[in-house]
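Below is one structure, written out as structure tokens; comments come after it.
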Amino acid sequence: MDPESSAWLAGLRSDGAVRDQAVAELHAFLVRAARHEAARRRASLPAHMAADLDELGQQAANDAAVMILDKLDTYRGASRFTTWAWKFAVYQMSAALRRESWRNRSVAVDSDAWERFIDGGALEPGRVVQFRELLGEVRAAIATDLTPRQRDVFAAVVIDEVPIDVLAERLGSSRGAVYKTLHDARAKLRARFGARAETGGGAAVEGPER
């Protein structure tokens, strides 16, 4: 482990004023990292978010600091400590930006949500009919094979493209719990259509994992 990384660990594992100083320096570093990530993404952000970037950077740094201190014993020195810590800030800033961009947006899925999978202008009439038939099979499988919770999570992530961390916040759950629900839903659908594929049919429905 390089001397600088060793010094970071020693300070953060100390007691009293030494540790307080190390935590303060870590937080300041994380604020810089979060703001750097925000600046990198600024051009793609909605205009109304620009005024909140400093506050979001502070929040991201706070969350990153908590995670780093909680996972300090997992650091093995494969990279510099600052490189390792920087990734936490980037992750938390990215999550904060996603949550903020969805703050005033609904994540409810209406009964016509599956129609968003069909772009009639991009498909030939025959393909549209075929695609509708395929979606009918997928919808039937979702209705019969998935639990209500799995259906809600699957539809929100796959159809409405709601980020997993945003959905977890809206559901009062954790990212890990929502991801597990989505994983289990996909596993059930793969099992159903995997069996169909062996007999000459099949379908695959996936979605983003953000």
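Tabulated results
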| item | result |
| --- | --- |
| With eigenvalues of the C-alpha gyration tensor scaled by 5 and rooted, region 3-101, Å | 27, 13, 10 |
| Residue-count net charge about A85 - beta-carbon cut-off 12 Å; Lys, Arg +1, Asp, Glu -1 | +2 |
| FRET E, pair R76, R190, Förster distance 30 Å, beta-carbon r, rounded to 0.05 | 0.30 |
| Phi-based couplings in Hz for region 85-92 (Karplus 6.51, -1.76, 1.60; Gly and Pro marked x) | 5, 4, 5, 5, 5, 4, 4, 5 |
| ³J(HN,Hα), Karplus 6.51/-1.76/1.60, whole Hz, each residue of region 76-81, x for Gly, Pro | 10, x, 5, 10, 4, 4 |
| Among 82-88, 55-61, the order from most to least packed when residues are scored by Cβ within 10 Å on average | 55-61, 82-88 |
| Rg/Rh (Cα only; Kirkwood hydrodynamic radius) as it applies to region 152-192 | 0.98 |
| Cβ crowding within 10 Å averaged over residues, with 18-27, 179-188 ranked highest first | 179-188, 18-27 |
| Phi-based couplings in Hz for region 65-70 (Karplus 6.51, -1.76, 1.60; Gly and Pro marked x) | 4, 4, 5, 5, 5, 6 |
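Each reported figure results from applying straightforward, stated rules to the coordinates on display, with no laboratory input. These figures come from a predicted structure and were not determined experimentally. Quick reminder, even Gly has a Cβ in these numbers, built from the backbone with ideal geometry, and neighbours come from all protein chains shown.
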